[in-house]
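See structure below.
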Ligand SMILES: [Fe+2]
Ligand SMILES: [Fe+2]
């Protein structure tokens, strides 16, 4: 069985995988001239990249080896404008399960510092699953006129930064 540090290294790959998938989704929407949907997913891609780099920083701080795993190619073709958001929601749910498993492993190993580090990610996952669920509902309702979705995202974008960002773990090389 993997140690906590090995499992966290694996998670770095999953976060980069999520980042790549969000870039693929963003470019799909960008190509269809849906700039708000594109911007939303470009932003999500950067956040996932920052998550990966928070884990890198944790491993550096813990004096553990840092592996930067390669990632599988993301899905780039979608049957309609709803499919990317469904995929994104599935991805966020999968990552939530992965983080929960990491917390359990940290607890088993008595890695309480590591467990504490992961608490922010649990909150972040709760927020991301909730906001992606909301976006899926909006896209399903607006699929016949995606300008409604664009308008909704335009309003949501001016709501300001998430309160979670204040307590976020440090990012190796600095947050983007
Ligand atoms: Fe993430
Ligand atoms: Fe995420």
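Taken together, the values in this text are just the output of simple stated rules run on the coordinates, not laboratory data. A quick note: this is a predicted structure, and the numbers were derived from the prediction, not measured. Neighbour counts run over all protein chains shown; Cβ positions are idealised from the backbone, glycine included.
Hydrodynamic analysis of the chain uses the Kirkwood radius over alpha carbon pairs. Inserted into Stokes-Einstein at 20 °C and 1.002 mPa s, it gives a translational diffusion coefficient of 126 µm²/s. In degrees from 0 to 90, rounded to the nearest 10, what is the angle of the helix 4-31 Cα long axis to the longest principal axis of the chain? The angle comes out at about 10 degrees. Once you sort the root eigenvalues of the Cα gyration tensor of segment 36-80 as a ≥ b ≥ c, which label holds: rounded (a/c under 1.5), prolate (a/b larger than b/c) or oblate (the other case)? Cα axes put segment 36-80 in the oblate bin.
Annotation for segment 142-156 versus segment 1-73: alpha-carbon center distance of 26 Å. Estimated purely from DSSP H runs of n ≥ 4, each contributing -39500 (n - 2.57), the mean residue ellipticity at 222 nm for the chain is -24500 deg cm²/dmol once divided by its residues. Once the Cα atoms are used to define both axes, helix 35-61 deviates from the longest principal axis of the chain by about 0 degrees.
What's the FRET efficiency of residue 108 with residue 147 using the Cβ-Cβ distance as r and R₀ = 45 Å, to the nearest 0.05? Working shown, then result.
Details: r = 50 Å, r/R0 = 1.12.
E(calc), rounded to 0.05, equals 0.35.
In this simple spin-label approximation, residue 77 and residue 64 carry label points 7 Å from Cα along the Cα→Cβ vector, and these lie 3.9 nm apart.
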